[in-house]
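The structure appears right after this line, and notes come after that.
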2 protein chains.
Amino acid sequence: MGNWRCVITVGDLGEFVVVARITGRLPQGASVLLGPGDDAAVVNAPDGRVVVSTDLLLEGRHFRRNWSSAYDVGRKAAAQNLSDIAAMGAVPTSLVVGLGLPADLPAEWVDGLADGLRDECAVVGASVVGGDVTRCDLVVLGVTALGDLGGRAPVTRSGARPGQVVAVTGRLGHAAAGLALLEAGLEGEAVDAHRRPRPPYDKGPEAAELGASAMLDVSDGLVQDLGHLAEAGGVGIELDPAAFPLGEAVVAAAKELGADPLDWVLAGGEDHALAAVFPADVRLPAHWTVVGRVVEGEGVQVRGRVIELKGWDHFRQ
Amino acid sequence: MGNWRCVITVGDLGEFVVVARITGRLPQGASVLLGPGDDAAVVNAPDGRVVVSTDLLLEGRHFRRNWSSAYDVGRKAAAQNLSDIAAMGAVPTSLVVGLGLPADLPAEWVDGLADGLRDECAVVGASVVGGDVTRCDLVVLGVTALGDLGGRAPVTRSGARPGQVVAVTGRLGHAAAGLALLEAGLEGEAVDAHRRPRPPYDKGPEAAELGASAMLDVSDGLVQDLGHLAEAGGVGIELDPAAFPLGEAVVAAAKELGADPLDWVLAGGEDHALAAVFPADVRLPAHWTVVGRVVEGEGVQVRGRVIELKGWDHFRQ
């Protein structure tokens, strides 16, 4: 007589029950004029402009169900899109999510995913306002975030000028260190950072107010992402490796694995730190760290270091 | 000595070249303040509210590469989302698209897809303003559309009241007839309708101006979709089967296959016709056909006909 446990799957429930179950877990905030359940949602856009970004996340490529809980997948999926909105100097208002779900996926997994999306949105006061559910052999999330600029000009990637300084805020190298631990079959504080990024959302609008001329969120790796910023601005960037603060979790993981923590800081993505360019005379709050400067030329140089660009290309890895 | 043809794949090009190749094919319209290439796009939302809808489309489930060209997949993917915006009484402004692409997919296929998305957006004056490309074993599209209400109240699903009339505009049953032909290995005019819907986009805002109290686009099947509208309004709906105009392509396909064309009209989806509820004394332009009325009660009845609900549930089919 074994222990039998009855697991209810999304296939048992059917599309409409799954949708109702998800939407029942999603409170609608003040920006939402019409939430889930209609052909489309309606969200406030008081600025008269709307900021929009989308990402596709695939099981096996962007997350693994045996490495991350459904809740963590939800938080991470929301975080990476909300962070793109913040990186324009905007405040996220809402998220819509297209979901591909295997029929044998436990309904509880979907509950966890919805809760994760909801809780990450709650960090910035945003709501999940709509979505779509379809059957798929693997878990697929198509996440789109909207945001409001509150009268600010959007901070693009192209505004860097020679003489300006490059500053970062948020964690760098944590997610990469955590992934390295997981791949080695180890645990550690950095693993939490891999499972659940903590983007510094409110520092995006702050950077815009402080006069940032260019900004992006670090998703593929700092050197690679700053390379896009350098290219868009027609400038070069010089980074000072000694300027980077190394997080305790990164240092601990490096010790454990015999690795150089600065490799993760410079080439690791998925922490969704913000990197911004400011006038040289800017006075920045302490949570921003100046790590380099904009120069004439092209590309990203790291002082005293040859960088082999290991950033992410989805068709090369 | 065979005929060798060199096919360049997305894997040959890599993520960044593929993205540049796609965005190079996408003109940016007047609503777009910042197009592809940054963390997020910025689109005008002059109404101070934004309408948003998302769908996930999967190869093998929503389209087949041997039945539809890349161009048709692009048009259809855009159409189904733009139609959701129109069904709220809004005018679509923009689209963002998350793409999952197999590494061995010919780059030309992606060109065709981008052209299809672009051309369907052009029908309504919208633009593809951003996206995301990632590698996937099957083609996946996460499509999100935004729209502007132009000062109108959104027309939701819940406003139907007894005594009002139900009217439709656009094609009904065409896509289902076309799919039936394809499944039988046949061709015919309806097949084009399956490959490329022609939603009556401008009739959505028109219905709002004419005083529609409820509206939706027919994506899963008329009876099933009107069932959602009846449930949302706490009412019943009676349809008159004699009132439906039968398209020539539908009649031809029915003759070819020995089928009843009204089955496709009542239960077939994917044409993205609009169904709206109006006050009984409304004067409608000729492109709207009154097909029934709202009554006390619940559910959808078709006069003189027992309807076996065959509408779409993604986990049951």
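Every number in this text was worked out from the coordinates using simple rules, so none of it is lab data. Values in this document were obtained by computation on a predicted structure and should not be read as measured data. Methodologically, a virtual Cβ is constructed for each residue, glycine included, from the backbone with ideal geometry; neighbour enumeration extends over all protein chains shown.
Quick notes
- Nearest-ten-degree value, helix B:248-257 long axis tilted from longest Cα axis of chain B: 90 degrees
- Taking packing as the residue-averaged number of other Cβ atoms within 10 angstrom, the listed peptides A:127-140, A:186-199 run from highest to lowest as A:127-140, A:186-199.
- Closest approach to the A/B rotation axis among chain A Cβ atoms, residue and whole-Å value: A:G142, 1
- Taking a sphere under 11 Å around the Cβ of A:V294 and counting the other residues whose Cβ falls inside, with K and R at +1 and D and E at -1, yields a net charge of 0.
- Under 14 Å from a label point set 7 Å out along the Cα-to-Cβ vector of B:D202, the amide N atoms of the stretch B:71-92 belong to B:91-92.
- Seen through its C-alpha gyration tensor, with square-root eigenvalues sorted a ≥ b ≥ c, chain B comes out oblate because a/c lies at 1.5 or above while a/b is not bigger than b/c.
- Using a 7 Å projection from Cα along Cα-to-Cβ, the label point at B:G185 is separated from the same position in the remaining copies by 5.4 nm, smallest value first.
- Residue-averaged beta-carbon neighbours from other chains (10 angstrom radius) around A:126-139: 4
- Taking every C-alpha pair closer than 8 Å and separated by at least 6 residues, the mean separation divided by the residue count of chain B gives a relative contact order of 21 percent.
- Nearest 10 degrees, 0 to 90: helix B:107-124 Cα axis against chain B principal axis: 40 degrees
- Taking A:K76, A:K255 and counting other C-beta atoms within 10 Å, the order from fewest to most: A:K255, A:K76
- In the stretch B:191-315, one over the average inverse separation of all distinct C-alpha pairs is 15.3 Å, which is the Kirkwood hydrodynamic radius.
- Spatial offset of the stretch A:65-94 relative to the stretch B:242-296 amounts to 42 Å, using the alpha carbon center of each.
- For the protein assembly as shown: Kirkwood Rh in Å [reciprocal of mean 1/r, alpha carbons]: 25.5 Å
- Residue exposure proxy: A:H272, B:H287, ordered by other Cβ atoms within 10 angstrom of their Cβ from fewest to most, comes out as B:H287, A:H272.
- Pairs of Cα atoms nearer than 8 Å and 6+ residues apart set the relative contact order; for the stretch A:58-174 it is 37 percent.
- Signed unit charges on C-beta, dipole axis of the protein assembly as shown, positive-most listed residue A:L101, A:V166, A:A114: A:V166
- Taking the longest Cα principal axis of chain B as reference, the axis of helix B:70-86 is set at about 40 degrees.
- Shielding by partners for peptide A:63-75, expressed as the average number of C-beta atoms from other protein chains within 10 Å of each residue's C-beta, is 0.
- Take the Cα radius of gyration of the stretch A:115-199 and divide it by 2.2 N^0.38 Å, N being the number of residues; the result is 1.50.
- With a 10 Å cut-off around each Cβ of A:85-97, the average count of Cβ atoms from other chains is 3.
- DSSP-defined antiparallel bridges as percent of all bridges, the protein assembly as shown, nearest 5: 75 percent
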